[in-house]
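Could you have a look at this structure, given as structure tokens, before my questions?
Nothing in this text is a laboratory measurement; each read-out follows from the coordinates by a stated rule. Bear in mind that the values here come from a model prediction, so they are computed numbers and not experimental data. Note: ideal-geometry Cβ built from the backbone for every residue, glycine included; neighbour counts use all protein chains shown.
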Amino acid sequence: MDKIIKLLNRYRFLILIATLILIVFSVVRNKTNNNSKKPPATTNAKVTKGNISSSVSASGNIETSNYLAVTTGVNGIVKKVYVQEGETVVKGQKIMEITLNSDGEESYASAYASYLSAKSSLERAQSDLLNKESSLINAENSFDTEKENNSYQTEKERESFKIAENSYLIAKSEYERQKEAITQAQISLNKAWLSYQAQSPIIVAPDSGVVANILVVEGMDISNSLSERTSSTVASIRKEGTPIASLNITEVDINKIKVGQKVSLVLNSIDDKIFLGKVAGIDKIGTTSNGVSNYPVIVKFDENSDLVLPNMGVDADIIIDEKQEVLLVPTPSIETDRDEKTVTVFKDGKFQKVVVETGVSNNKFTEIVSGLEEGDDIQIKALPTEGFEPNTRDRDMRMPGMGGFMR
């Protein structure tokens, strides 16, 4: 029995010793871990002067680059092409000639008949206007005579005056309506003439410019649907002027955009080329698709370029604010504490937080309106070294005296 008690006491002692060893090991390990924790890495920079801008990024397409399509609605075979690419043409100049097939001849004859009919309608309307004008003159003279001679004393005289007045007003109304009928007849004639030209075997330049391209050659067949009134593009003419882009702006940014703001544009198909332009128009109505609202903004390029073609994709930055020669600090150096913005500054031999007032800001730099001076040493919390990919576009965009910032 005594042996059993001694063994139990020995086991208890061993368990106690093991427990104490585990406690000591745990304390030592925690102390080691705590000692191994490093304070947040920081880097230093200086407050400098420079230029800064903030912008809204958007994408879209080239709406027009002053290319004017030359189209035809005829059916037939290209007989002769009279111009070449790069040649300067004037409005109405002959571009090419088509040998019409039976469908083309029928359509051409029908268009000519419609034109003649519209011309006759205009001539009749103009002739009717002369008759209406004569009736108006007679009615006006009769009314003037009635006003001079009528004493308005008897019922018969008052009725005579009223009849003369009504005749004049009716004649005047009919005259005005006939002038409107002439306007409508003239519009119909213009439309008939355009349709007749579209079916003509002679294709002419719709405006003056430079022939950008010819899309057909002699002997090529041209086919269009008469019932659907389709047309084929056979050439294009480039006019003087600068390209126009349409950008889609979100509802978050649209109220920041104003006419006249500067824009830098990059075309997806043109490498290493930045185009400049200005906001020329803003669609404040916009469109909504799948719950997302977009507002088209029209941008006019500052200069013309043969490289810019219709429907090309474009990315742009619209400059909404910019300052010259202002105090700047890296944006990551700005800390927000409640409603105050602070920057950690090295003063009197130590780092201390200073309340600052900021101005224009972007993801790289922030303008300091008050609170700091040029040359002040400031502290920036370093970017994490794990799970972070640097922005290679910003890699070399450092400010003087900013050490390793933006690397």
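Using the crude model of +1 on Lys and Arg Cβ and -1 on Asp and Glu Cβ, and no other charge, please compute the dipole size for the range 134-245 relative to its Cα centre, in debye to 20.
Computed charge dipole of the range 134-245: roughly 360 debye.
List, in the order given, every pair from K80/K191; K49/K364; K49/K258 whose Cα-Cα distance in the structure shown is over 25 Å.
Pairs exceeding the cut-off: K80/K191; K49/K258.
So what are the ³J(HN,Hα) numbers for the range 317-324, from phi and the Karplus equation (6.51, -1.76, 1.60; θ = phi - 60°), rounded to whole Hz, Gly and Pro as x?
10, 9, 6, 9, 7, 8, 10, 10
Report, ordered by chain and residue number, the lysines lying within cross-link reach of K156, taken as a straight Cα distance under 28 Å and ignoring same-chain residues fewer than 8 apart.
Excluding near neighbours in sequence, the set is K147, K172.
Here's something else I'd like to know. Label points 7 Å out from Cα along the Cβ direction at E228 and I285: separation in nm?
About 2.8 nm separates the two model spin labels.
Taking 0.36 nm per intervening residue step and subtracting the Cα-Cα distance, what contour gain separates T183 from L116 on full extension?
Result for the pair: 22.4 nm of gain on full extension.
How many nm is it between the label spots at E123 and A69, if each spot is 7 Å from the Cα in line with the beta carbon?
Rounded to a tenth, the inter-label distance reads 3.6 nm.
Given 0.36 nm per residue, what is the gain on full extension from D348 to T250 after removing their alpha carbon distance, in nm?
Between D348 and T250, full extension yields an extra 30.5 nm.
Rounded to whole Å, give me the distance from the Cα center of the range 276-355 to that of the range 50-107.
Taking the Cα centre of the range 50-107 as reference, the centre of the range 276-355 is 37 Å away.
Once fully extended, how much extra length lies between D321 and N190, figured as 0.36 nm per residue of separation less the alpha-carbon to alpha-carbon distance?
Length gained between D321 and N190: 42.2 nm.
Now, a different point. Order of T366, T230 from fewest to most other C-beta atoms within 10 Å?
Final ranking by Cβ density, sparse to dense: T230, T366.
Can you compute the modelled spin-label distance between E357 and T331, with each label point 7 Å from Cα toward Cβ, in nm?
Each label point is offset 7 Å from its Cα along the Cβ direction, giving 2.3 nm.
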